[in-house]
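Presented below is the structure to which this report refers.
The values are calculated or read from the model by the stated rules, or taken from the named source; none is laboratory data. All of these numbers come straight from a predicted model, not from anything done at the bench. Methodologically, a virtual Cβ is constructed for each residue, glycine included, from the backbone with ideal geometry; neighbour enumeration extends over all protein chains shown. When the accessible area is computed, the model is the full protein with side chains, heavy atoms only, and any ligands, DNA or RNA have been set aside. Shrake-Rupley method; radii C 1.70, N 1.55, O 1.52, S 1.80 Å.
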Amino acid sequence: MIESARGAAANWAGNLTYGAREVLTPRTLDEARELVASARRIKALGSRHSFSDVADSPGGVQLDLSRVSGSPSLDTRAAAVTVGGSVRYGDLVTHLHNAGFALENLASLPHITVAGSVATGTHGSGERHPGLAAAVSALELLTADGSLLTFARADADFAGAVVGVGALGVVTRLTLDLVPSFTVRQDVFDNLPWSAAVEHFDEIQAAGYSVSLFTNWARDVVDQVWLKNRTAAEAAGSPPAAASGSLTDAVPASLFGGVPADGPRHPAHAAGVPAGNTTAQLGAPGPWYDRLPHFRLGFTPSVGAELQTEYFVPRAAAPAAFEALRGIGHRIAPLLLVSEIRTVAADDLWLSPSSGRESVAIHFTWLPRQPEVEALLPTIESTLAPFAPRPHWGKLFHGEALDLAYPRSADFRSLAARLDPAGKFRNPFLDRHVFGS
């Protein structure tokens, strides 16, 4: 029996109440196909971690596929795993690790679903690592008429289907590339001077497999730098391609003026947030899945009561973008818990925020003061406008000062019109930011 619940559910942060009248939870894929085929307006609902209304279906229904996902299917010969779209990364990673495999990278929290993360362009960090969607080698899509389509890397429309922002259908399964399992240590440095952060930005990014800088834009220092590195103590024989990033069992005495932290840190440590929900630091080695994320699965991720925004700028423009944001830091800091800076490698996915360009992602974790945050976003976007910023699809942004004409935007709209001619998967968010209507 298909479970039905009344709508008006809230997202993870509680800043958005969905306008869908009903949430449907099928038990089988056939039930899901029938629901999609018969619906007038429908959207997939995952972990509800998006802060924007990208997954809303005002007046329509939302589809929860958590009972349809099934168990991961591991192909050891191909070094790939096929999973249901509603599987959370945190529930997948130990299965992979126990089989001797890993994902190349992870986002800062493991609580998010694979399909939702991929569809919105979510990412981790590291100058050699593209976003999570780049690991997808195939996906199965439930389209408007209830049909199932499979897209593989060799297919002409594959690069348009992966970061689909929910506009093409409901992603039911994905196949992800794997690498051999590996070990990571995590070290934190406090109080890196901003002048050094800009002058030595490339060297700092090269110092880790994954690197994050945390700031509030108003102080003369970057509050923290988190370096995540594969350890030299790994078992011999790891393929070189899987070992990008430095291999180290030591930590330098300083990082261009930043000093090693004297204890565990939360990214919002400067705002007084304790480190209880973060992954282990102070150089303690651990499995990839318990170090690449900032936060642990069994705990509230990040701060909890928060809002989020993120913009991607070309890497070459990052120093100038930093200086521009510091110029309005006095307006940003009062609303901010913390801001994170990460590098993301380029990919070829049509609506990926890093499509066609090496990027620096500038993330804002805001206090839960949405009217004030939304009033500030146009100023931030105007400040960043000279650097061609692209937003994270699942986070808050204003949009009027942003050029969202991705090089393949027209191709994406054509693909959506072909797969969903009646606009069954459209919603106000997509109309505003993707279809321009």
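Observations on the model:
Conditions tested, residue by residue: (1) charged (D, E, K, R); (2) open to solvent by 10 Å² or more (accessible area, probe 1.4 Å); (3) touching a Lys or Arg at 6+ places or on another chain (Cβ under 9 Å); (4) modelled with pLDDT of 95 or more.
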{"residue": "Ser50", "(1), (2), (3), (4)": "no, yes, yes, no"}
{"residue": "Arg67", "(1), (2), (3), (4)": "yes, yes, yes, no"}
{"residue": "Leu74", "(1), (2), (3), (4)": "no, yes, no, yes"}
{"residue": "Val81", "(1), (2), (3), (4)": "no, no, no, yes"}
{"residue": "Gly100", "(1), (2), (3), (4)": "no, yes, no, yes"}
{"residue": "Leu103", "(1), (2), (3), (4)": "no, no, no, yes"}
{"residue": "Pro110", "(1), (2), (3), (4)": "no, yes, yes, no"}
{"residue": "Val114", "(1), (2), (3), (4)": "no, no, yes, yes"}
{"residue": "Thr120", "(1), (2), (3), (4)": "no, yes, yes, yes"}
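- Selection status of Asp30, farther than 23 Å from Ser117 by Cα and either acidic (Asp, Glu) or in contact (Cβ under 8 Å) with a residue 60 or more places away in the chain (or both): yes
- Test: residue in segment 225-236 that is surrounded by 15 or more Cβ atoms within 10 Å (Cβ to Cβ), modelled with pLDDT of 90 or more and of a type in the set (D, E, K, R): yes
- Any hit, segment 243-250, residues being outside any loop (DSSP other than H, G, I, E, B), surrounded by 15 or more Cβ atoms within 10 Å (Cβ to Cβ) and modelled with pLDDT of 95 or more: no
- Restricting segment 83-98 to residues that are outside any loop (DSSP other than H, G, I, E, B) and in contact with a Ser or Thr (Cβ under 8 Å, 6 or more places away or on another chain) leaves a set whose member that is surrounded by the fewest Cβ atoms within 10 Å (Cβ to Cβ) is His97.
- Candidates Gly257, Gly286, Gly263, filtered to the one that is open to solvent by less than 30 Å² (accessible area, probe 1.4 Å), modelled with pLDDT of 95 or more and more than 21 Å from Thr94 (Cα to Cα): Gly263
- Residue list for segment 184-200, restricted to those being crowded, with 20+ Cβ neighbours inside 10 Å and either touching a helix residue (DSSP H, G or I) at 6+ places or on another chain (Cβ under 7 Å) or not acidic (Asp, Glu) (or both): Val184, Arg185, Gln186, Val188, Phe189, Leu192, Ala197
- Residue match in segment 296-306 (condition: open to solvent by less than 10 Å² (accessible area, probe 1.4 Å) and hydrophobic (A, V, I, L, M, F, W, C)): no
- You will find that of Pro334, Pro264, the residue that is out of contact with any Pro (no Cβ under 6 Å at 6 or more places or on another chain) and outside any loop (DSSP other than H, G, I, E, B) is Pro334 and no other.
- Within segment 271-299, the set of residues being under 24 Å from Pro371 (Cβ atoms) and in a loop (DSSP other than H, G, I, E, B) comprises Gly272, Val273.
- Filter result for Ser125 (over 14 Å from Leu349 (Cβ atoms), crowded, with 24+ Cβ neighbours inside 10 Å, of a type in the set (Ser, Thr, Tyr) and modelled with pLDDT of 95 or more): yes
- Checked across segment 349-365, the condition of being of a type in the set (D, E, K, R), in a strand (DSSP E or B) and touching a helix residue (DSSP H, G or I) at 6+ places or on another chain (Cβ under 6 Å) holds for no residue.
- Whichever residue in segment 145-170 is open to solvent by less than 30 Å² (accessible area, probe 1.4 Å) and of a type in the set (Val, Ile, Thr) and, among such residues, is nearest to Arg33 (Cα to Cα): Val170
To keep it simple, each residue is scored yes or no on (1) under 21 Å from the mean Cα position of the chain (by Cα); (2) farther than 25 Å from Ala317 by Cβ.
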| position | (1), (2) |
| --- | --- |
| Ala375 | no, yes |
| Thr379 | no, no |
| Thr383 | no, no |
| Pro386 | no, no |
| Leu396 | yes, no |
| Ser409 | yes, no |
| Leu419 | no, yes |
| Lys424 | no, yes |
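- Neighbours by Cβ (under 7 Å, 6+ apart or cross-chain): first from segment 96-114, touching a residue at least 60 places away in the same chain (Cβ under 8 Å); second of a type in the set (Gly, Ala, Ser) and assigned to a helix (DSSP H, G or I): Leu103/Ala135; Glu104/Ala135; Ala107/Ser117; Pro110/Gly90; His111/Gly90
- Of all the residues in segment 373-397, those that are part of a loop (DSSP other than H, G, I, E, B) and surrounded by fewer than 18 Cβ atoms within 10 Å (Cβ to Cβ) number 1.
- Within segment 1-28, the residues that satisfy the criterion of being touching a strand residue (DSSP E or B) at 6+ places or on another chain (Cβ under 7 Å), farther than 23 Å from Pro421 by Cβ and modelled with pLDDT of 90 or more are Asn15, Leu16, Thr17, Tyr18, Arg21, Glu22, Val23, Thr25.
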